[in-house]
Structure formats: structure tokens, C-alpha cells
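The values are calculated or read from the model by the stated rules, or taken from the named source; none is laboratory data. Here the structure is a predicted model, which means the values were calculated and not measured. Cβ placement follows ideal geometry from the backbone for every residue including glycine, while neighbour counts extend to all protein chains displayed.
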């Protein structure tokens, strides 16, 4: 379940498109990018770029917005550096030799090896990344036998790695591969490591972030714009666009969750959560932001 308000974001951009087309209060060309496949982990942004997005629709700068669990409805949050982490997944399969659970000495148990590996992977960030730099490695999946009395031929675990720099990512991937090989060897198993780099970190550009912040202040005032928001370990494939064009990604506060119906959850509407509910009150704010970006950047 993705549950993070893409329908609301689409509505904002459609509303901005309608207003800009009607008023034409800008001198230049505005391209509105409706990107597919972000929620499927297939990096729709990268696919669009590879298929000639910016050759067909040249852009001097790109801007994007996403609702976020900020308590103040309609508040903006951004920074002029790394706002979101890279997104990467791994799956490690350890191959042993299956047997009956009552005869463990006649096989090689990959489940015990996977359990050991999972424990060791939890230490990799502390062992390899400077404690002043944020990074995360989480084991979120594990699978062995389907039967309680069978030691399987193989077992696997999977998870995610998040970093704010490619240097840290390189270190963690190397350490993960090395640890998997050594744990497998210690248990008499072999290891098959799959590591997929999905999206790089979201790195905002200083000039465009400052410009975006000024536009935000015109809409909601100084107090509702946080320009020093700390980077979050969530990820977004808009990062690919920021690698080829200057721009800025920002968050728009979805509120403290008071807009939800009774019995539909408590507290902020966290993204990718079953109690998530998009706050329709922020639609005009998001639409106004996109309109004012275009009108100010391309002032007539």
C-alpha cells in the first residue's frame, strides 16, 4: 500500500495548469510533468529522462512538492542540500543443504545462517559510517521453510539501505556483500547477493531552494516556511531530475490528522500508513505554489 496522496498532488498540478492556461501571466514556457511509476519502485522519473524528457520539453529548472506529516496545515519545509535519502534494496539468499529438522547433522542449515546474518547486518552502519553522518540499514524480510519440520535448501532475507551520500552507500554495499560472504562461509553455505540502487539522494540546489522559499513566503508567510528542515530517510525518484536539472523539492504540511473521520487513526497522517488521509485543505496552497513559481520565474 503506497498511500501518500498522489491523487492530491495531481489535483494541485491540474488546478495550477487550469489557472496558468486561463491567465497566461508569464513570459515563457511552463512544462507540467505528471510522472508515472514512482510508487512502484521502478524510477519513473529516470525512465522519462532516459526517453528524452528534457530534450522534448526543455527546462531551466524543475520544482516538485509532496505532502508530509507536518503538524501545521499548509506549512512548507525544505532545505538547500540533502532533503531525502537514497533508496536501495537488497536480497541475500544463503544456500545450504536441506534435510529433516530431526536430522540437522545431515544437512547444512541456511536458516541459522540467515538469522546470524541478519544480526550482523544491523551493525554495519555503526561500523562503517561516521557517527555524524546519517544512514540506515534495515532488515525487513526473512523467509525459510514453509514447513515446521523441514530445514530448507535455502533461506533469504531482504531490506533497505538509505544514505545521504553515494560515498556512504558504496561503503555499505561493500560491507554488506563482504559480511554475507563471510557469514555464509562460516556456516558452510554459499551466498547470492542482489543489491539494487533505485533512487539517489534528493539534493536541492541552493539558488532554486532560495527562490522557492521566497515564493512560499508570499503565499503562507515567514512563520510557515522552514528553510532548515533536516533531511529525512524517506526517498523520492525526483532525485534523478535534480541530477540533470537545477531545482528544488519541498514538503507541504498535511496537518496533525484532525481532518480524519473518527476512528480512522490518531496523530499525524504518516505516509504509507493505513490511517493516512490526504488533507484537501492543502490543495489550493499547493496549486498556488506552482502558479506563483511559474509567474515569478517567468515574470512577464
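Any idea how many residues of region 197-215 are over 16 Å from the mean Cα position of the chain (by Cα) and over 21 Å from residue 31 (Cβ atoms)?
So the answer is 4.
Of all residues in region 175-208, how many are in contact (Cβ under 8 Å) with a residue 40 or more places away in the chain, closer than 30 Å to residue 108 by Cα, out of contact with any helix residue (DSSP H, G or I) (no Cβ under 6 Å at 6 or more places or on another chain) and surrounded by fewer than 18 Cβ atoms within 10 Å (Cβ to Cβ)?
Going through region 175-208 one residue at a time, the tally reaches 5.
Residue 169 fails exactly one of the following numbered conditions: (1) over 30 Å from residue 100 (Cβ atoms); (2) over 17 Å from the mean Cα position of the chain (by Cα). What is the number of that condition?
(2)
Could you check region 209-225 and list, in sequence order, the residues that are surrounded by fewer than 21 Cβ atoms within 10 Å (Cβ to Cβ) and in contact with a helix residue (DSSP H, G or I) (Cβ under 9 Å, 6 or more places away or on another chain)?
211, 214, 217, 218, 219, 220, 224
Could you please let me know if residue 97 is farther than 26 Å from residue 199 by Cβ and surrounded by 15 or more Cβ atoms within 10 Å (Cβ to Cβ)?
Answer is yes for this residue.
Within region 71-85, identify whether any single residue is in a helix (DSSP H, G or I) and exposed (fewer than 15 other Cβ atoms within 10 Å of the Cβ), and answer yes or no.
no
Look at region 39-78 and say how many of its residues are touching a residue at least 12 places away in the same chain (Cβ under 8 Å) and within 28 Å of residue 159 (Cα to Cα).
Total meeting the criteria: 16.
Given the residues 74, 144, which is the only one that is over 18 Å from the mean Cα position of the chain (by Cα) and modelled with pLDDT of 95 or more?
144
Give the residue that is surrounded by the fewest Cβ atoms within 10 Å (Cβ to Cβ), with candidates limited to residues of region 139-166 that are within 16 Å of residue 197 (Cβ to Cβ) and out of contact with any helix residue (DSSP H, G or I) (no Cβ under 8 Å at 6 or more places or on another chain).
Per the criteria, the residue is 166.
Please determine whether any residue of region 43-63 is under 15 Å from the mean Cα position of the chain (by Cα) and within 18 Å of residue 232 (Cα to Cα).
no
Is at least one residue of region 239-256 touching a strand residue (DSSP E or B) at 6+ places or on another chain (Cβ under 6 Å) and at pLDDT below 90?
Scanning region 239-256 turns up at least one residue that is touching a strand residue (DSSP E or B) at 6+ places or on another chain (Cβ under 6 Å) and at pLDDT below 90.
Restricting to region 118-141, count the residues that are within 15 Å of residue 174 (Cα to Cα) and outside any loop (DSSP other than H, G, I, E, B).
10
Could you list all residues from region 87-113 that are closer than 30 Å to residue 68 by Cα and at pLDDT 95 or above?
Result: 88, 89, 90, 91.
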